Structures are given as structure tokens and as C-alpha cells.
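Some notes on the structure that comes next.
Rule-based calculations on the coordinates, nothing more; no lab input. All values reported here derive from a predicted model rather than from experimental measurement. Note that each Cβ is placed from the backbone with ideal geometry, even for glycine, and that neighbours are counted across all protein chains shown.
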Amino acid sequence: GLKQLMSMELPTSIKSKLGYRFWEPKWDEISEEELKPYLRNIDRVSLNRILFTLRMHRSTMLAIKIMKGLKINSSNINNVIEIDIKKVEDILSSNDWDLKLLGNIMLYQHKLLSELYDVSLPELDRIVDEVTNAGAYGAKLSGAGLGGAVIGLVKDFETGRKALNRALNCCASSGYIVKIDSGVTTH
């Protein structure tokens, strides 16, 4: 897809942000809107890969802002993860708004992986649904596509146990409940 785009007569302002390999484009400077007139001229698989990358990047940047505790604009959330503005406002007014938003981002990213990148399976999609229906804030495919794992974000151990049991009862072969720690630190 990138090679197809680079071979087109694009404005310099767009072409300078692209590249021939996936690591070359300045994804944080490229908007889907500015590429839209040109994307219709590339094959469907390449189109989906580019849309996936743009949308995954935007939603990951939103998740990072949330985890850093930065102020989040409700219309920005709506534009990035495509959820109803009323739902966004309800989420932002709750005590656990950050976890709820991260969960919605996880669900959005799973949808991107499933629908645009074609790396999910019906069983994985069902596990995501089951885990979410059991009370998880969100869930998504992680790791190797067409296999890998599903990660769910839950508020407590009991919700985690309920979500895990739902996943095991439907189609998961195994699962774990883990607690997030502080991660790597420097001393």
C-alpha cells in the first residue's frame, strides 16, 4: 500500500510524511482525512493495513495520555475510538473513567485487529465478548495473530475470576488472573 501511495502524484506535504516501508512514515503527522482521496486507488488489503495503522496509532496515543493522567477531551475520544459522545461523557463522569476508557480502547483495537488486519479468529472474538460480558472493562487479542492470547482489563480479582470462567466455558483452553505491578524502575 505504501509503495502504491508513493507511486501516485501526491502533494509534497503528504508524500514527505510517507515512505516505502512501514517504519518510514510519520504516522503521528498523517491524518486519515488527508489520505482519503488517494486510498480509494489502492487494493483493499493495503487500504485496510493503512487504515489499521493510522487508527491503531491514534488509539494507542490516546491510551498513553490516559495512563499518564493527562486531560482528555471528550470529542477527541469520540473521534479516535468511534464511540457515542454521550457514552464518553458518562464514562468521564465516573470514578473509574480511566479504566473504562482504556477498556473501550482495548475493544476498539481488537475490532481493528479483527476487521482490518484479519488476525483474529471467531473463537478469539467470542472470548473477547464473553470476558466483556462478564464485567471486564475491555479485552483484546494480543501476541501472535490467529492464536495468541486475549487480555482483559478488570477492576478486581472477583471480576477477573468471573471473566476467566466465562472464557474457559466458551472456548479458551487456559487462562490466568494477574495483578499489574509497578513495572521497571530505576534506582
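Close amide H pairs (under 5 Å, H built 1.01 Å from N) link residue 138 with 153, residues at least 5 positions away or on another chain. The range 13-66 and the range 68-142 have their alpha-carbon centroids 20 Å apart. Evaluating 6.51 cos²θ - 1.76 cosθ + 1.60 at θ = phi - 60° for every residue in the range 172-186, the Karplus couplings come out as 7, 8, 7, x, 9, 10, 10, 10, 6, 9, 6, x, 6, 10, 10 Hz, glycine and proline recorded as x.
Around the amide H of residue 171, modelled in the peptide plane, lies no amide H under 5 Å away from a residue 5 or more places distant or on another chain. With θ taken as phi - 60° and the Karplus curve 6.51 cos²θ - 1.76 cosθ + 1.60 applied, the whole-hertz 3J(HN,Hα) list for the range 127-144 is 4, 4, 4, 5, 5, 5, 5, 7, x, 5, 5, x, 7, 7, 5, 9, x, 5 Hz, x standing for glycine and proline.
Given a Förster distance of 22 angstrom, what is the FRET efficiency for residue 97 paired with residue 158, based on the Cβ-Cβ distance and rounded to 0.05?
Values: r = 21 Å, r/R0 = 0.96.
That gives a FRET efficiency of 0.55.
Residues 128, 178 in ascending order of nearby Cβ atoms (within 10 Å, fewest first): 178, 128.
For GluC sites (Glu not before Pro), no site in the range 122-187 is both called loop by DSSP and has at most 13 other Cβ atoms within 10 Å.
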